[in-house]
Amino acid sequence: MIKRCLFPAAGYGTRFLPATKAMPKEMLPILTKPLIQYGVEEAMEAGCDIMAIITGRGKRAITDHFDISYELEHQIQGSSKESMLTDIRNIIDKCTFTYTRQNEMKGLGDAIYKGKVLVGSSAPFAVVLADDLCVNPDGDGILTQMVKLYEKYKCCIVATMEVPKEEVHKYGVIEGKAMEDGVFMVSNMIEKPDNDKAPSNLAVIGRYILTPDIFEMIQNTKPGKNGELQITDALCSQAKKGMVLAYKFKGKRFDCGSVDGFVEATNYFYELEKKKEE
Ligand code: UTP
């Protein structure tokens with residue numbers, strides 16, 4: 001069973017300035033729910049109940065969000081607004097939240113390595129990048145799909161999706177051999193390749209299942225693209241030494257780290273809510 005989920009959330013969210021000057025990007029709301037809460041709910045659905053969050057300076061709102069606000073509880077007790085806190089109360093009841101800080105933005109690989117003290121080195125864990133908002137209206141959430149796949153193969157898994165060839169330079173891109181429908185054995189991974197040098201158009205998005213030996217791989221990885229410690233490079237070493245799978249998930253992903261994706265997600269959830277009301 002995968003019980004722990006790591007949320008690297010130390011980034012500055014510069015694409016959302018000035019909104020993210022004093023507020024974490026992960027707390028930007030899609031309708032009334034902050035991005036990171038969508039991620040936590042997806043992790044809970046997949047069976048996780050320990051949420052390990054990598055924060056940084058100016059991110060205290062995340063810690064406060066996953067805690068009880070006694071004044072607020074008192075204020076709205078018995079009012080019609082109480083139901084608006086049902087979901088977050090349920091999360092706080094069922095999950096344990098742990099935190100550590102990444103003091104310097106040295107890359108996603110470094111952020112995940114910082115999480116070792118939180119997730120330990122004896123069991124596999126999930127990783128969710130909250131700015132990738134994923135939904136699957138037709139069935140299991142993306143992380144649940146990946147956990148099921150993990151139970152079969154017991155190795156690191158990255159979520160991937162096909163992107164247009166001219167957009168591959170924004171992603172980690174995999175090269176691999178098809179094993180079964182939507183599952184590829186990774187032979188190579190490149191972080192943000194030039195469009196004409198990408199090995200495929202299968203791009204890695206912000207969902208991972210990692211086995212604890214990834215920490216050793218990260219330790220032995222040198223800074224890569226943009227001078228940052230890239231999880232893509234550590235996973236590439238892992239793929240060459242052992243086994244890493246790329247999974248073409250079922251569902252939809254919104255890149256809420258970009259303004260376009262954020263607006264798209266807002267419209268999607270707004271339409272969904274409107275349909276529910278009808
Ligand atoms: P991004 O590069 O998309 O996030 O990293 P960012 O840097 O906050 O965004 P911009 O480009 O400035 O707008 C993807 C995810 O990895 C985390 C980020 O918080 C984000 O969730 N991350 C990245 C870290 O926690 N630490 C790092 O050193 C790098």
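The values are calculated or read from the model by the stated rules, or taken from the named source; none is laboratory data. On a predicted model such as this, the values are computed, not experimentally measured, just so you know. Reconstructed Cβ throughout: ideal geometry from the backbone, glycine too, with neighbour counts over all protein chains shown.
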Going through the range 90-108 one residue at a time, which ones are near the ligand (Cβ under 8 Å from one of its atoms), in contact (Cβ under 8 Å) with a residue 40 or more places away in the chain and either of a type in the set (Gly, Ala, Ser) or assigned to a loop (DSSP other than H, G, I, E, B) (or both)? Gln102, Met105, Lys106, Gly107
Suppose the filter is part of a helix (DSSP H, G or I), in contact (Cβ under 8 Å) with a residue 24 or more places away in the chain and within 16 Å of the ligand (Cβ to nearest atom); does Gly58 pass it? no
Failed condition for Cys48, given (1) surrounded by fewer than 23 Cβ atoms within 10 Å (Cβ to Cβ); (2) on the phi < 0 side of the Ramachandran plot; (3) away from the ligand (no atom under 14 Å from the Cβ), with all others met? (1)
If Glu167 satisfies every condition in (1) free of Cβ contacts under 8 Å to residues at least 40 places away in the same chain; (2) within 16 Å of the ligand (Cβ to nearest atom); (3) within 28 Å of Met1 (Cα to Cα) but one, which is the exception? (3)
Which residues, counting only those in the range 208-240, are part of a helix (DSSP H, G or I), more than 14 Å from Lys114 (Cα to Cα) and either hydrophobic (A, V, I, L, M, F, W, C) or out of contact with any helix residue (DSSP H, G or I) (no Cβ under 6 Å at 6 or more places or on another chain) (or both)? Lys225, Asn226, Gly227, Thr232, Asp233, Ala234, Leu235, Cys236, Ala239, Lys240
Being away from the ligand (no atom under 16 Å from the Cβ), at pLDDT below 95 and not polar (S, T, N, Q), is that true of even one residue in the range 128-137? yes
Note on the range 8-37: residues surrounded by fewer than 24 Cβ atoms within 10 Å (Cβ to Cβ) and either within 17 Å of Arg207 (Cα to Cα) or of a type in the set (A, V, I, L, M, F, W, C) (or both) are Gly11, Phe16, Leu17, Ala19, Ala22, Met23, Met27, Leu28, Ile30, Leu31, Gln37
Can you tell which of Tyr150, Tyr113 is among the hydroxyl-bearing types (Ser, Thr, Tyr), in contact with a strand residue (DSSP E or B) (Cβ under 8 Å, 6 or more places away or on another chain) and either in a helix (DSSP H, G or I) or under 27 Å from Ile50 (Cβ atoms) (or both)? Tyr150
Would you point out which residue out of Met27, Met44 is without any contact (Cβ under 8 Å) to a residue 60 or more places away in the chain and in contact with a Pro (Cβ under 8 Å, 6 or more places away or on another chain)? Met27
I'd like the full set of residues that are within 19 Å of the chain's Cα centre (by Cα) and among the aliphatic types (A, V, I, L, M), limited to the range 202-224. Leu202, Ala203, Val204, Ile205, Ile209, Leu210, Ile214, Ile218
When every residue in the range 1-37 that is among the β-branched types (Val, Ile, Thr) and over 17 Å from Ile88 (Cβ atoms) is compared, the one nearest to the chain's Cα centre (by Cα) is Ile2
With the requirement that a residue be of a type in the set (D, E, K, R) and either away from the ligand (no atom under 11 Å from the Cβ) or at pLDDT below 95 (or both), what does the range 251-267 give you? Lys252, Arg253, Asp260, Glu264
Return yes or no: is Glu278 modelled with pLDDT under 95, among the acidic types (Asp, Glu) and away from the ligand (no atom under 14 Å from the Cβ)? yes
The range 109-130 residues that are hydroxyl-bearing (Ser, Thr, Tyr), paired with ones that are more than 9 Å from the ligand (Cβ to nearest atom) and in a helix (DSSP H, G or I) (beta carbon under 7 Å, 6 or more apart): Tyr113/Phe215; Tyr113/Ile218; Ser121/Phe215
Scan the range 154-162 and give yes if some residue there is within 21 Å of Asn201 (Cα to Cα) and of a type outside the set (A, V, I, L, M, F, W, C), otherwise no. yes
